[in-house]
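K.L.:
Sharing a structure, written as structure tokens. Questions coming.
The values are calculated or read from the model by the stated rules, or taken from the named source; none is laboratory data. What you see is a predicted model, and the numbers here were worked out from it, not measured in a lab. Backbone-built Cβ (ideal geometry, glycine too); neighbour counts: all protein chains shown. Note: areas computed on protein heavy atoms with side chains; ligands, DNA, RNA excluded. Shrake-Rupley method; radii C 1.70, N 1.55, O 1.52, S 1.80 Å.
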Amino acid sequence: QVQLVESGGRLVQAGGSLRLSCAASGGTFSNYVMGWFRQPPGKEREFVARIWPRGGSTYYADSVKGRFTISRDNAKNTVYLQMNSLKPEDTAVYSCAGSRRASPGSGEWEYDYWGQGTQVTVSS
């Protein structure tokens, strides 16, 4: 059973930066496509970014492209989300997810494992 635990969320001012981490255990981390999703208050969960198992390919939602960077360290079984130039609309619970599919897209249903999430709040 794969377990994912996020950390790094906190209150930050607009224009600031945060790095989220997601530590995996219980599976073969290097086999999974890893993604980050977020759920803003009162809204549905949305895709943020994903990274291929070897880290060679990444993909971002338009809303975060150029500001967020997803990366992974397979030796540490950890995926990261570096968030720069944060905006109030980035306020959300951020969750990491792992997929056993070869080419998952941006849909929640394509991911098999989920963390509990970490709260990011961006003040204006």
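K.L.:
Condition first: under 23 Å from residue 121 (Cα atoms), surrounded by 16 or more Cβ atoms within 10 Å (Cβ to Cβ), touching a strand residue (DSSP E or B) at 6+ places or on another chain (Cβ under 9 Å) and at pLDDT 95 or above. Can you find one or more residues in region 25-33 that meet it?
P.N.:
Within region 25-33, the subset under 23 Å from residue 121 (Cα atoms) is none.
No, the conditions are met nowhere in region 25-33.
K.L.:
Sort out which residues of region 14-35 are more than 12 Å from residue 90 (Cβ to Cβ) and part of a strand (DSSP E or B), and write them in order of number. Talk me through it step by step, then tell me what you get.
P.N.:
Restricting attention to region 14-35, the residues satisfying the condition of being more than 12 Å from residue 90 (Cβ to Cβ) are 19, 21-35.
Listed by number, the residues that qualify are 19, 21, 22, 23, 24, 25, 33, 34, 35.
K.L.:
If you don't mind, there's one more thing I want to ask. On the basis of being within 15 Å of residue 51 (Cα to Cα), surrounded by fewer than 15 Cβ atoms within 10 Å (Cβ to Cβ) and touching a residue at least 60 places away in the same chain (Cβ under 8 Å), does residue 98 make the cut? Don't jump to the end; show me each part of the working.
P.N.:
Working: within 15 Å of residue 51 (Cα to Cα): yes; surrounded by fewer than 15 Cβ atoms within 10 Å (Cβ to Cβ): no; touching a residue at least 60 places away in the same chain (Cβ under 8 Å): yes.
No; evaluated as a whole, the condition is false for this residue.
K.L.:
Something else now. What is the residue count in region 34-50 for residues that are open to solvent by 50 Å² or more (accessible area, probe 1.4 Å) and in contact (Cβ under 8 Å) with a residue 60 or more places away in the chain?
P.N.:
2
K.L.:
For region 1-24, give me each residue that is of a type in the set (D, E, K, R) and either buried (at least 17 other Cβ atoms within 10 Å of the Cβ) or over 25 Å from residue 53 (Cα atoms) (or both).
P.N.:
First pass over region 1-24, keeping only residues of a type in the set (D, E, K, R): 6, 10, 19.
Residues satisfying the conditions are 6, 10.
K.L.:
Looking at region 109-122 only, could you name the residues that are open to solvent by 40 Å² or more (accessible area, probe 1.4 Å) and out of contact with any Lys or Arg (no Cβ under 6 Å at 6 or more places or on another chain)? Spell out the reasoning first.
P.N.:
Here is the first cut: in region 109-122, the ones open to solvent by 40 Å² or more (accessible area, probe 1.4 Å) are 109, 112, 114, 116, 119, 121.
Correct list: 109, 114, 116, 119, 121.
K.L.:
Can you tell me how many residues in region 51-71 are open to solvent by less than 40 Å² (accessible area, probe 1.4 Å) and on the phi < 0 side of the Ramachandran plot? Break it down stepwise before answering.
P.N.:
Keep residues of region 51-71 that are open to solvent by less than 40 Å² (accessible area, probe 1.4 Å), which gives 51, 53, 55, 60-61, 64, 67-68, 70.
Of the ones still in play, those that are also on the phi < 0 side of the Ramachandran plot are 51, 53, 60-61, 64, 67-68, 70.
Going through region 51-71 one residue at a time, the tally reaches 8.
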